[in-house]
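Peer 1: One structure follows; several queries about it will come next.
The values are calculated or read from the model by the stated rules, or taken from the named source; none is laboratory data. Remember, it's a predicted structure, so these values are computed and weren't measured experimentally. For neighbour counting, all protein chains shown are included, and Cβ atoms are generated from backbone atoms with ideal geometry for every residue, glycine included.
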DNA sequence: ACGAACTTTCAATAAGTATTGAAAGTTTCA
DNA sequence: TGAAACTTTCAATACTTATTGAAAGTTCGT
């Protein structure tokens with residue numbers, strides 16, 4: 001397989017992976033491009049390489065900055081902004097976990113806590129609802145704690161512990 | 001909070017949770033409805049409760065069956081099909097993990113393995129690409145193993161191990 | 001084999017998301 | 001301060017995905 005072909009396949013695959021991690025396709029593709037680039041790229045570079053418009057490039061670059069998985073780089077004597085990605089996949093995974101916990105899990109926990117206060121009127125429906133909410137809340141809280149710990153963990157330690165855990 | 005209000009909020013919240021788990025909104029809402037229902041529901045019941053069309057209800061019920069997180073129930077003397085959901089959240093989480101591993105992680109692993117065969121032509125670009133692919137493949141394989149083990153694990157054992165792990 | 005009861009399909013359409021590109025905004029420096 | 005170099009915004013539009021509902025298909029009891 002040639003470099004160009006491999007590069008395109010990887011950007012494509014990363015686009016999909018990113019999507020299932022909660023990014024959107026273009027975001028993930030820009031990230032992939034920065035991952036395999038040997039030097040920081042400008043908005044212009046990204047536009048050309050992925051064949052996307054300036055607006056689109058700009059928007060998605062900002063989203064990636066917002067997720068804190070790419071960084072701004074300034075080159076002395078050049079007014080353009082350049083970008084490079086976090087290249088450590090472990091750091092990337094932790095960061096994504098952190099953002100998703102904040103964006104998805106926490107709002108749901110909030111709702112579960114409020115729904116938990118449904119009036120106990122003695123009907124079966126209410127009982128069932130309370131039970132489901134309790135179970136779900138319990139699960140969500142445990143997941144939240146697990147993710148929080150994951151965000152703070154060390155790669156080598158994490159995997160070796162996991163290996164022991166499932167042996 | 002009244003039952004009706006709580007029910008609606010829960011279905012809404014579950015819709016969001018399900019979405020971030022890779023289901024779509026309606027699928028997740030049907031599932032939520034079945035979770036809190038005290039008895040199996042027919043397509044008709046679901047249509048009425050969620051205010052959706054027959055086609056939509058049918059499609060999403062089938063998708064849920066396909067994910068194996070709801071089941072068909074037949075009531076003797078009644079020709080309609082009824083559905084009930086898996087109510088154990090742990091079992092649900094494991095099943096979702098299983099489906100997503102199959103649907104998302106495995107295809108990406110396949111691509112990574114093929115991209116890995118890029119020709120080493122000695123350029124920096126190729127070196128960088130090979131490095132990224134190697135790291136990503138390594139991470140994806142480890143995640144795949146972790147998920148596989150998770151799918152087979154027991155709830156109590158899992159959480160108690162996790163607690164120990166991050167203590 | 002017929003028709004009632006039920007389920008599935010699918011073309012049309014609605015709703016939601018992503019993308020464009022030109023205009024407006026900002027920064028820098030001569 | 002002026003204007004070139006660059007970034008951001010946003011209304012218009014293209015693209016994607018979800019939803020509808022009527023028609024076609026299936027199943028079952030008589």
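Peer 1: With within 14 Å of another protein chain (Cβ to nearest Cβ) and either near DNA strand C (Cβ under 9 Å from one of its atoms) or at pLDDT 95 or above (or both) as the only criterion, which of A:33, A:50 stands out?
Peer 2: A:33
Peer 1: Are any residues in the stretch B:114-128 more than 11 Å from residue A:1 (Cβ to Cβ) and part of a helix (DSSP H, G or I), and if so, which ones?
Peer 2: The answer is B:124, B:125, B:127, B:128.
Peer 1: What are the residues in the stretch A:94-120 that are more than 23 Å from residue B:28 (Cβ to Cβ) and within 7 Å of another protein chain (Cβ to nearest Cβ), if any?
Peer 2: Answer for the stretch A:94-120, where residues must be more than 23 Å from residue B:28 (Cβ to Cβ) and within 7 Å of another protein chain (Cβ to nearest Cβ): just A:119.
Peer 1: Next question, about the same structure. Starting from residues that are part of a helix (DSSP H, G or I) and more than 10 Å from DNA strand D (Cβ to nearest atom), keep the ones in the stretch B:18-27 and report whichever is nearest to residue A:23 (Cα to Cα).
Peer 2: The qualifying residue nearest to residue A:23 (Cα to Cα) is B:20.
Peer 1: Here's something else I'd like to know. Only one of B:44, B:104, B:48, B:8 is assigned to a helix (DSSP H, G or I) and away from DNA strand D (no atom under 15 Å from the Cβ); which?
Peer 2: When all the criteria are applied, what remains is B:8.
Peer 1: I'd like to know if the stretch A:72-91 contains one or more residues that are more than 15 Å from DNA strand D (Cβ to nearest atom), surrounded by 15 or more Cβ atoms within 10 Å (Cβ to Cβ) and part of a helix (DSSP H, G or I).
Peer 2: Yes, the stretch A:72-91 contains a residue that is more than 15 Å from DNA strand D (Cβ to nearest atom), surrounded by 15 or more Cβ atoms within 10 Å (Cβ to Cβ) and part of a helix (DSSP H, G or I).
Peer 1: Does residue B:66 meet the test of being more than 16 Å from residue B:14 (Cα to Cα), more than 14 Å from chain A (Cβ to nearest Cβ), more than 12 Å from DNA strand D (Cβ to nearest atom) and exposed (fewer than 14 other Cβ atoms within 10 Å of the Cβ)?
Peer 2: Spelling it out, residue B:66 is indeed more than 16 Å from residue B:14 (Cα to Cα), more than 14 Å from chain A (Cβ to nearest Cβ), more than 12 Å from DNA strand D (Cβ to nearest atom) and exposed (fewer than 14 other Cβ atoms within 10 Å of the Cβ).
Peer 1: Is one or more of the residues making up the stretch A:64-74 modelled with pLDDT under 95, under 22 Å from residue B:110 (Cα atoms) and within 11 Å of DNA strand C (Cβ to nearest atom)?
Peer 2: no
Here is a yes/no grid of residues against (1) at pLDDT below 95; (2) more than 15 Å from DNA strand C (Cβ to nearest atom):
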| position | (1), (2) |
| --- | --- |
| A:24 | yes, no |
| A:57 | no, no |
| A:60 | no, no |
| A:88 | yes, yes |
